[in-house]
Structures are given as structure tokens and as C-alpha cells.
Amino acid sequence: MDIARYLRLSALCVAGLLASSAAEAATQGSLGATSTGSISIGASVPNRVQISGLSDVSFANQDPATAALSAQNICVWSNTSTKGYNVTASGSGTANAFTLANGALTTPYTVEWAQTSGQSSGTALATGTALTGQKSTATNALCASGPSSTASLIVKMSTASLQTMQAATTYTGTLTLVVAPE
Amino acid sequence: MLAVKAFATAVLKDSGIGSRRSALSRRVAPGLARLLAGALLVVGLLGETPSNAASNKVRITNLSDVGFGTIANLNVDAVQSQSVCVYADTNTSGYNVTGIGAGPGGAFQLSSGAASMSFDVLWSSSPGQNSGTQLTPNVPLTGQVSSGTHQTCSNGPATTASLVVVLRSIALSSAAAGTYNGTLTLVIGPE
């Protein structure tokens, strides 16, 4: 038997023994006054995040001379070892711009994010660009236990935007937030 | 049971060998006959026949490791069940089962480094079940009965009980990402 063939056979034998030992980890009981058996249990939990607690935003009868602000506390949960995540926002305007519209009429708004709840200002988001390095304090995926909210979403309309809007006209739009684990 | 023993003793005493047997037999024969007759009468009255006593021994086999793999949906319970063989050589084929985990105090817990995740253990005295009675670590679940007729179920029913391991969604959604491992020890006792 040449050396290469010997090595191949040896490798196959070792591999076979390893595979066998992994498959036979469970121990069976023997006949006796008591009998004891055991098994191993394994599970893998992948990286996951969840955003919840979001509410619609409405600015009704807004005075154009006063900037509009809506801040809400939301729940972001991350199960990574650091509880880290990033958030990406996109609007419903042209090229996912943060704009509200009524037919051909449009007006912009801004979006800010804070990784703690109860904030009325935060880091400005650019559409389609992830804000990285955020951390969650959530201990439950829906914040049903532990902190009831972990982050702040702030939507603002400047007086300049408001003053471009046509009176007695309703502008609508959609803001989409995507959270990803880090 | 007393009647059976008397019967056996009488037979043994009647199986001696040698010349002394005849004389001895002549002297003890009437007594033996009376003893034998009495023993048979008692057996008949009790409605019992001589049989082997139960050994009160038990055995658990056919256990398999449990692998959940990567759990994609953390919002639903992950369940793995298996049918196992429990044999109980007792008068009633009765047994109890005790589960012991690898967590503190025998808790049913998996670990991934410093992180841990609890799991539930359910037991049914019938095979092929996906649910059963929840076990408490270190506490015997009593009153189980086996249908096994062979200590490894190599004949008769191939399996006699169900072991169900459950990862609850509340534990999954609270666990840090990672690979979790643990052991579960099952101790069977006769009843």
C-alpha cells in the first residue's frame, strides 16, 4: 500500500469515527432498580430585530408660522450580543424622498432618530441611508416586558415647508423604516 | 404467596435420593401429602397459580439527541418529540420519570457562553405524542405505565412513551443570538 493511499484510508477512518461519536451522543439506560438515559439538545438562534409600537403621524390645521413636530416612542428589539441595530428610512416621494403630496402638490418633511425614548430631537436620517451604531435596551421583542419603548422617531415640518402648502388641502405620504441587526 | 412457598417446599422435600429416602418417605409421606393437599387447596381458594415474581427493574432506551437547527421564527414554539422505550418489570408495569437539566439545580436550560435559554420537557406514557405532562426538574412524574414487554422493546411494542422538548416563543424571543447546547438526563424508577 502506498503512503498516499494509506493516508486516505486513515483519514476516512478518523472521519467515520468522529461522525459516529457525534451521532451516538445519546446514552441509553441499563436494566436496574433505576435506569438513567441522557440526550444532548442543540438549537441555534439567528440574529433578529423587530420594530413595533409605531403610530401614524398627523399634522392637522397646522399654523404655517409655527414649525410642526411629532415625536413618538417606539420599540426596537435586537437579539445580537451587543443589542445593536441600524435603521434606514425611505419616503414615498420621488426617489423615496421624504415628501407629502396631494396630486401634483408636494412638500418636504424631515425625519430624525434617537436610540432612547422620550426625545424630541435626534440624528437626521437621509432617505435610503442606514443610520448605524444604534443600541436597544429592549428585553422583549415587543417590549411587553422590560422597557416599554427604546427609541424615538421624530418627524418635523419646517415653517418654510408649511408655507408652501395650499390651505385646506390634505397632503399625505408614507414613511417606511427598516431595522437591521448589527 | 404463602401457599405457593409451601407447595414448593413440599416438592423439594420429596425429591431426595438414596436408600434413606424410602424410610424417610414412609415416615413423612402422610405429612407431606397433607401439606401438599393443604397448599393446593389454598392456591385453589386464592385462585392463583405459581408464577415468577416481578423484579422491579426498569430500563429506558431508544433515546435520541435533539437538534432544533436554526430556528427561523422566534415567535412560535419550537417542538421536537421522540418515541422512546420504557420497560418496567413491576406488578403493574408502573414507573416514574424524573428529568434533570444542565442548568443550576438541574434546571432545563441550554447555554451559549454566558447566555442561557430555558426549555420545557413533556412526557407521555404513549408513543407518538407531541404533547404530554410537563416535567419539573428533579421531581418524579409518577403513575406512568409501560406497555413494553421487552427491556429494549426488541419485541412487542417498539416504543412505549413520548419525550417532547419545547423551546417556548417567549424564551426564543428573549434569547441572544447564538448556538445553544445542553443536556437532559432522564431517570426511570419502578412503581
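Relative to the first principal axis of the alpha-carbon coordinates of chain A, what is the inclination of helix A:3-23, with its axis defined by its Cα atoms, in degrees from 0 to 90 and to the nearest 10?
70
Per 10 Å bin from zero, what fraction in whole % of the C-alpha pairs of the stretch B:103-162 is there, up to the bin with the longest pair?
Each 10 Å bin holds this share of Cα pairs: 20, 36, 29, 14, 2.
Determine, from the Cβ-Cβ distance of A:ASP63 and A:ALA126 and an R0 of 22 Å, the FRET efficiency 1/(1 + (r/R0)^6), rounded to the nearest 0.05.
On the way: r = 28 Å, r/R0 = 1.27.
Efficiency, from the Cβ-Cβ distance: 0.20.
For the stretch B:42-191, state the average projected area of the convex hull of the C-alpha atoms over all orientations, rounded to one decimal in nm². All intermediate terms of the calculation are to be shown ahead of the outcome.
Numbers: hull surface 42.0 nm².
One quarter of the hull surface, i.e. the mean projection, equals 10.5 nm².
For a paramagnetic label modelled at 7 Å from the Cα of B:ALA115 toward its Cβ, which residues of the stretch B:57-91 fall within the zone defined by backbone nitrogen distances under 18 Å?
Inside the label zone: B:68-78.
What are the ³J(HN,Hα) couplings of the stretch B:66-82, residue after residue, when phi is run through the Karplus curve with 6.51, -1.76, 1.60 and θ = phi - 60°? Round to Hz, x for glycine and proline.
So the Karplus estimates, Gly and Pro as x, are 10, x, 7, x, 7, 8, 6, 9, 8, 9, 10, 5, 9, 10, 10, 10, 8 Hz.
Mean separation of Cα pairs under 8 Å and 6+ residues apart, divided by the residue count of chain A: what relative contact order is that in percent? Spell out each step's value before the answer.
Details: 353 pairs, mean separation 50.2, N = 182.
28 percent.
What is the distance in Å between the Cα centroid of the stretch B:137-164 and that of the stretch A:138-182?
57
Which order do the peptides A:121-129, B:181-189 come out in when sorted by mean C-beta neighbours inside 10 angstrom, highest first? Don't skip to the end; give the middle numbers.
Values: A:121-129: 14.8, B:181-189: 20.7.
Top to bottom by mean Cβ count within 10 Å: B:181-189, A:121-129.
What net charge do the residues around B:VAL166 carry, taking every other residue with its C-beta under 10 Å from that of B:VAL166, with Lys and Arg at +1 and Asp and Glu at -1?
Details: positive: B:ARG168; negative: B:ASP77, B:ASP120.
With Lys, Arg at +1 and Asp, Glu at -1, the net is -1.
Over 19 Å, how big is the tail of the calculated P(r) for the stretch A:49-181, in percent of all Cα pairs? Let's see the in-between values first.
Working: 4397 of 8778 pairs.
That tail contains 50 percent of the Cα-Cα pairs.
Based on the Cα atoms of the stretch A:124-182, what semi-axes does the equivalent ellipsoid have, where each is the square root of 5 times one gyration tensor eigenvalue, given in whole Å with the largest first?
Numbers: eigenvalues 201, 46, 22 Å².
They are 32, 15, 11 Å, listed largest first.
Would you calculate the separation in nanometres between label points at A:ASN47 and A:THR169, each defined as 7 Å from the Cα along the Cα-to-beta-carbon direction?
If labels sit at A:ASN47 and A:THR169, their model points lie 4.4 nm apart.
None of the figures in this text is laboratory data; all of them are computed from the coordinates on show. Owing to the predicted nature of the structure, the values given are computational and were not obtained by experimental measurement. We place every Cβ from the backbone using ideal geometry, glycine too, and count neighbours over all the protein chains shown.
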